[in-house]
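Since every read-out is calculated from the coordinates, none of them should be taken as a lab result. All values reported here derive from a predicted model rather than from experimental measurement. All Cβ positions, glycine included, derive from the backbone under ideal geometry; neighbour counts span all protein chains shown.
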Amino acid sequence: MREKLLIGRLIDTGSQVHRLDPRAKLTAMLLYAAAVVAARSWPALLSLAAFSIAVMALTRIPLGTYLKAAKPLRILMLFILIVQCLAVKGGSVLLAAGSWHLDSAGLEAGMHAVLRMALLVCFTALLTFTTSPGRLNQGLEGMLRPFARCGISPERLSLMTGIALRFIPAILDEAQTIMKAQASRGADLKELPWKEKARMLTALLVPVTVSAFRRAEDLTASMESRGYRLGAPRTQYRPLSWSLKDTCFVAVFVLICLEVVWVGFY
Amino acid sequence: MGIQLEHVSYTYDARSPLRQTALRDVELDLAEGALTGIAGSSGSGKSTLLQLLNGILLPTEGSVKVLDVRLNAGEKLPKLAPLRKRVGLVFQFPEQQLFARTLEEDLVFGPLNFGASPEEAAASARKALEAMGLEESLLGRHPLQLSGGQRRKAAIASVLAMEPDILVLDEPGATLDQVSRTELIRLLHRLCKEEGKTVIIVTHRLDELLPYADRWIIMHDGRPVFQGAARGLVDTAAKLPDYGLSVPLSIRCWHELETAYGLQAEEPCLSPAALAERAMQLMEADARKELNLCVKSC
Amino acid sequence: MNRVKTRPPNGRSAVGNQVNFTAAGGKEHVAARMAEQTDMVLLDNVSFAYDGQHEDIKNVCLAIGRGEWVTLAGANGCGKSTLIRLMNGLLRARCGCISIGGVRLESGTVGVIRQKVGMVFQNPDNQFIGATVEEDMAFGLEGMCLGAEEIGSRITRYAMRLGISGLLHRHPQELSGGQKQRAALAAILAMEPELIILDEASSMLDEKARGEMLELLREMHREERYTLLSITHDAEEIAASQRVLVMDRGRLTADLAPRELFRNGDLLRLCRMELPFRLQLAQELEKRGIPPVPEGDPAGTAAYPVTEVMRKWAFNWSM
């Protein structure tokens, strides 16, 4: 399971992008998502793709790795392509079989959708490849700080996401071991019919939940015995620091957003 | 027959930048009907090796031959169910292996999957329970309501109920107390000797298993660096620290005995009782010799 | 029984990654000891029940002096873990009085006491809070409201002492069990506690890592800066400590020297322990008419060289 999931892991090459403030990267991510949604034509999408490849090259992580991160979603992308091809009509007819025909507009819409999705996934991967979960979480806390007055506790939230980020891989590993144990005793998920599959997956729930609780208990003991109390004053070892580079990084993303919108209008 | 590994390598995450090779070019031959100990420090590839034995993991290179099934890297697989019925794999933590609502359901899970009728399954469940020395009154309990030692035994029983020919265990004694650990090893030894099962045990405590194991495999850095009987292990013991293992006291003791009495290639005695017995024999023989010398010189 | 203490400093075995503990003792620490002669741990008639009725801990009285190294043994479920969790307020005693380092444990002093007590737990995975070793070490220090500089210097210092400097940026899943426990210990030591409690901290480790952990404990003990209390089933670890407490069904049933425990078959059975190999061998030899070498007579009469070696072995723990 974890073997296939590349997204969500840190690949530390020590590049400039790795060293940026996580808040800058998160803001850039939001802007990027907006740009992807706004890009509705080939020039806009292609310029966005070129820009993305440039940023990816900056991270010094091989481009192939990003493609691999998007690979688990290939079925979904294919599905989107087909749906768009079938649903969108217009332009010239490319293929016809009886009453059914594939139109150029449909194909174009499908390819746009797939490209948009691929860009978004690759860019999310970029965020996680270049930022440790801890930093990301710290960035999130920093960005939520202004909302503290409306009753959201950023500290509590970031503690929660931090623990989740820390333990989800471990819990996935554990689920995998249990599945291996089931397979060893003749219930291989790969070989079972769908109905049985569902039954085996529900059988996972009890041991996984029990162990999650046990982990939680151990973790609480460990945190408490190191003097942790929610809401007690704390210092930060690596406080976030916003530098000129971060401003520039965000500014470039603002520009690309504007560019996409501008290309869209003309 | 038995188990042969030929040029087997296994790599996790083979096609990503996070690839990790766990086994490199492993050549292994595991005898049938024997109790084999596999030792090595953590990260030496022991656990990966075990999972290759019943097709849970498939070799990325080379071929694994278990009984009459051959698993070649990159080839289309045969149906794995018959293999898995005959090779029972017990994982390290019983909590990850017991997933049914009651112990009984857990015990019949394997047999039912391999096509036994409910009656047959219940019968083999009871037999397995008895073989592991657990009481029938526990059948109705939730597996997590058992004590640590019982849970271990239940996990082994759940695999034993499938009546496998080969029983493979990953650190069966970890986190148990000493008395339970010894008890467990004796049980497994009996299964091997009395019921003719092939037992393969991964451990990092050589000393405990030494008096019982017929053969040993020492893993280091993804390769077997030693395979053979206890005798050979005694000869190569000096290298154990290089593999992240400490030299068991029994072997050190035997070395002392060997050098003092000039023993050569003798089958080593590695339990305290056997060691003491052999030392006494040697001593008495020595005394007799001295006495004879005395008599002669007089 | 002060074998460990009296060993010459150069007799230290050369296990990898070892750093000098003794250097950090410091004068102020000695001064503090002089000023405060009270016991480190003081339990007076402590009882506790998880469900409020059936007592899991029954009237335990216990005193542990500063700088002592005590092991706590007993069968699973006898209340060992419960007892130590009472000591830093993870659980609250139903009655009785607990004081740690001269401070009485009350709701107002829990914070102070948790700074005095560092705890290392059994499962190396589940006590890891941060996503990297460094973050994990920083966690406790941030809670103590130390400045970033001080946190940084403590992390460097203690990571170096425990030989994990190269692992600071690793994720726990990339570490071996032994490395994780070292990291856990480093995170605790960085908070500079006086009492260190280990709850079967080495039981999930492989043999080599367990040996290294024991060597670390020996060094920490030699430094005389920490009081050590360790729950363990490991005969070697018990033998290395100064004093063993045996628990049975919530009570302290014995408080004795490790040597005494190994001579007491009933107590050993109670703890579900077996004699260490050396002693088993000595026993077997004794059965066959070879008595063990009497204490304090290392020379013996060398009639039969090998058995002599074996007899000495049986009681020589430092090997």
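Binning all Cα-Cα separations of the protein assembly as shown at 10 Å, short to long from zero, yields these whole-percent fractions: 2, 10, 18, 21, 20, 15, 8, 4, 2, 1, 0, 0, 0. For the stretch A:38-154, the equivalent ellipsoid derived from the Cα gyration tensor has semi-axes of 37, 18, 13 Å, listed largest first. Site pair A:Met143 and A:Ala97 shows an inter-label distance of 4.4 nm when each label is modelled 7 Å from Cα along Cα→Cβ. Averaged over peptide B:275-281, the number of partner chain Cβ atoms lying within 10 Å of each residue's Cβ comes to 6. Computed about its Cα centre, the charge dipole of the protein assembly as shown is approximately 1980 debye, with only Lys, Arg, Asp and Glu carrying charge at their Cβ.
Using only atoms on other chains, find how many Cβ atoms lie within 10 Å of each Cβ of peptide A:230-236 and report the average. Before the final figure, lay out each step's value.
Values: counts 0, 0, 3, 3, 7, 11, 5.
Partner-chain Cβ atoms within 10 Å, mean over residues of A:230-236: 4.
How big is D for the stretch A:196-262, in µm² s⁻¹ as a whole number, if Stokes-Einstein is applied with the Kirkwood radius of its Cα pairs at 20 °C and 1.002 mPa s? Taking Rh from Cα pairs, D becomes 122 µm²/s. Using a 7 Å offset from Cα along Cα-Cβ at A:Thr13, what residues in the stretch A:56-73 end up with backbone N under 16 Å from the label point? Residues A:56-70 qualify, since their backbone N sits under 16 Å from the label point. Distance distribution P(r), chain B, all Cα-Cα pairs, bin width 5 angstrom from 0: 1, 5, 11, 14, 15, 14, 12, 10, 6, 4, 3, 2, 1, 1, 1, 0, 0 percent.
In sequence order, the stretch B:146-154 has phi-based couplings of 7, 6, x, x, 4, 5, 4, 5, 4 Hz under the Karplus curve 6.51 cos²θ - 1.76 cosθ + 1.60, θ = phi - 60°, and Gly or Pro positions carry x. A Förster distance of 56 Å, applied to the separation of the beta-carbon atoms of C:Lys58 and B:Glu195, puts the FRET efficiency at 0.80. Placing a label point 7 Å from the Cα of B:Leu263 along the Cα-to-Cβ direction, the residues of the stretch B:184-215 whose backbone N falls under 16 Å of that point are B:210-212.
Histogrammed with a bin width of 10 Å, the alpha carbon distances of the stretch C:3-274 distribute as 7, 29, 37, 23, 5, 0 percent, first bin at zero. Can you show me the helix-derived [θ] at 222 nm for chain A, built from DSSP H runs with n ≥ 4 at -39,500 (n - 2.57) apiece and divided by the number of residues, rounded to the nearest 500. Computed mean residue ellipticity for chain A: -23500 deg cm²/dmol. Built from the Cα atoms of the stretch B:249-298, the convex hull projects on average onto 3.6 nm², one quarter of its surface area.
Neighbouring Cβ atoms from other chains, within 10 Å of the Cβ of residues in C:120-127, number 5 on average.
Distance between the modelled labels on B:Thr236 and B:Arg252, one decimal in nanometres: 2.2 nm (7 Å Cα→Cβ projection). Expressed per residue, the C-alpha convex hull volume of chain A stands at 201 Å³. Since only B:Leu138, B:Ala73, B:Ala157 are under comparison, the one whose Cα sits farthest along the positive direction of the charge dipole of the stretch B:39-195, derived from C-beta charges on Lys, Arg, Asp and Glu, is B:Ala73.
Within the stretch A:18-72, the trypsin sites (Lys or Arg not before Pro) that combine a DSSP coil assignment with at most 15 other C-beta atoms in a 10 angstrom radius are A:Arg19, A:Arg40, A:Arg60.
Take every Cα pair under 8 Å whose residues are at least 6 apart in sequence, average their separation, divide by the length of the stretch C:3-274, and the relative contact order is 27 percent.
Short-range pairs are left out: with C-alpha atoms under 8 Å and at least six residues apart, the relative contact order of chain A is 32 percent.
For the stretch C:226-286, the Kirkwood estimate of hydrodynamic radius, built from reciprocal distances between every pair of different alpha carbons, is 12.2 Å. How many angstrom separate the Cα center of the stretch A:223-249 from the Cα center of the stretch B:1-73? Here the answer is 45 Å between Cα centres.
Of the residues C:His54, C:His221, the one with the fewest other Cβ atoms within 10 Å heads the list, and the complete ranking is C:His54, C:His221. Over all projection directions, the Cα-based convex hull of the stretch B:22-108 averages an area of 7.2 nm². Using a Förster distance of 22 Å, how high is the FRET efficiency between A:Ile168 and A:Arg238, based on the Cβ-Cβ distance and rounded to 0.05? About 0.45, to the nearest 0.05. In chain B, excluding the sites themselves, the longest stretch lacking any of the GluC sites (Glu not before Pro) that are in a DSSP loop with at most 14 other Cβ atoms within 10 Å is B:136-265. Summarising the label geometry, the points placed 7 Å from Cα in the beta-carbon direction at A:Ala216 and A:Leu67 lie 4.3 nm from one another. The charge dipole of the stretch C:3-274, taken about its Cα centre with unit charges on the Cβ atoms of Lys, Arg (+1), Asp and Glu (-1) only, comes to about 620 debye. The ranking of B:His255, C:His233, B:His7, B:His220 from fewest to most other beta carbons within 10 Å of each one's beta carbon is B:His7, B:His255, B:His220, C:His233. Taking R0 as 45 Å, what FRET efficiency do you get between C:His169 and B:Thr102 from their Cβ-Cβ distance, rounded to the nearest 0.05? So, using R0 = 45 Å, E works out to roughly 0.45.
With point charges of +1 on the Cβ of Lys and Arg and -1 on the Cβ of Asp and Glu, referenced to the Cα centre of the protein assembly as shown, which listed residue (A:Met223, A:Ala28, B:Thr203) lies farthest in the positive direction of the dipole? Farthest towards the positive end: A:Ala28. Each Lys and Arg adds +1 at its Cβ and each Asp and Glu adds -1 at its Cβ; summed about the Cα centre, chain A shows a dipole of about 460 debye. Projecting the Cα atoms of C:Ile151, C:Ile98, C:Asn88 onto the charge dipole of the stretch C:3-274 (Cβ charges, centred on the Cα centre) puts C:Ile98 farthest toward the positive pole. Phi angles of the stretch C:68-84 translate, via the Karplus equation with coefficients 6.51, -1.76, 1.60 and θ = phi - 60°, into HN-Hα couplings of 6, 10, 10, 10, 10, 10, x, 5, 4, x, 8, x, 4, 5, 4, 4, 6 Hz per residue; Gly and Pro are given as x.
Could you give the C-alpha radius of gyration of the stretch B:141-263 expressed as a fraction of 2.2 N^0.38 Å, taking N as the number of residues it contains?
1.20
Largest first, the extents of the alpha carbon coordinates of the stretch A:155-254 on the three principal axes equal 58, 43, 18 Å.
By the count of other C-beta atoms within 10 Å, a proxy for reagent exposure, B:Cys253, A:Cys257, C:Cys95 are ordered fewest to most as C:Cys95, A:Cys257, B:Cys253.
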